[in-house]
1. What is the local net charge at G34, summed over the other residues whose Cβ is closer than 13 Å to its Cβ (Lys, Arg +1; Asp, Glu -1)?
2. Among the lysines, select those whose C-alpha is under 19 Å from the C-alpha of K200, and discard any that sit fewer than 8 residues away in the same chain.
3. Return the single residue from T21, T79, T163 with maximal mean-square fluctuation; model: Gaussian network over the chain, springs between Cα atoms under 10 Å.
4. Where is the GNM fluctuation largest for the chain (alpha-carbon springs, 10 angstrom cutoff): Q56, Q188, Q65?
5. Taking neighbour counts of Cβ atoms within 10 Å as a proxy for exposure, in what order, fewest first, do D13, D139 appear?
6. What does the charge count near A111 come to, summing +1 for each Lys or Arg and -1 for each Asp or Glu among other residues with Cβ under 12 Å from its Cβ?
7. Among I126, I76, which comes first, then next, by fewest other beta-carbon atoms within 10 Å?
8. Please report how far the C-alpha centroid of the range 67-138 lies from that of the range 194-216, rounded to the nearest whole angstrom.
Amino acid sequence: MSERTGKSVIMPDMVVEGDMTSKGQITVSGRVQGNVSAHSVVISQSGGIFGSLRAQDAEVHGAVQGDVYIRELIRIGETGSVTGKVEYGKIAMAQGGTLSATLRNVPPHLAGDLNLSVDRGGSVQITTADLTAFDPDDDAKDLTFTVTTPTSGFVALVADRSTSISQFTQADLENGRVIFVHDGGSTQAAGFDTIVADAKGATSGQTQHVSVSVRA
């Protein structure tokens, strides 16, 4: 089935065999045998998805069986049933709802343009536009960046500009406490690699390189 925007509804007497994709909301009151992907999905009491489900948010009052990936919040109502492998940001379940699944917390996501500029021998603040992390179920103070292989400079905190650090938090970034200090050398480029982890130890995957261009 082709990708749609807005709201799509599978009526109670409908059976869909195949994939459904939408940039908006899909409401399932009938039966879907296939893969469903949307911004948000609502499965009513008469509805069921048997295959896979991917969404930012999902509300389950019917049945879901298969692989489930919910970036933000999955709500399981009192008549809802979820069976399979579930990755989620947050989960809420009403009394009466059933969950029989292998659960895995959604890891943090690293973002930003990963580029900044610094005067030779100077320092520059690393902002959340340059580097940031998203995680639906961890506070900023619990998202920890690790710095590796810095070149032509180092990462430091504003409170102690002369001391390199190997870790800082999302809260440090949001409060303007993190800087990159250039070593004054003649190279035109500098930078460092980084990865972010949440409080449970889940990471953003492979290290990402932050490039620093040097102004004369």
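1. Numbers: positive: R31, R54; negative: E17, D19, D67.
That sum, taken over residues with Cβ under 13 Å, equals -1.
2. Partners found: K85, K90, K141.
3. Judging by the Gaussian network model, the answer is T163.
4. Top of the fluctuation ranking is Q188.
5. On the way: D13 9, D139 12.
Ordered from fewest to most neighbouring Cβ atoms within 10 Å, D13, D139 come out as D13, D139.
6. Working: positive: none; negative: D113, D130, D135.
That works out to -3.
7. Values: I126 26, I76 23.
Exposure proxy ranking, most exposed first: I76, I126.
8. With the range 67-138 and the range 194-216 each reduced to a Cα centre, they are spaced 16 Å.
Read-outs: derived from the displayed coordinates by stated rules, not from any lab. Treat the numbers as computed from the prediction; the structure is a model and nothing was measured. Here Cβ is always computed from backbone atoms with ideal geometry, including for glycine, and neighbour counts include all displayed protein chains.
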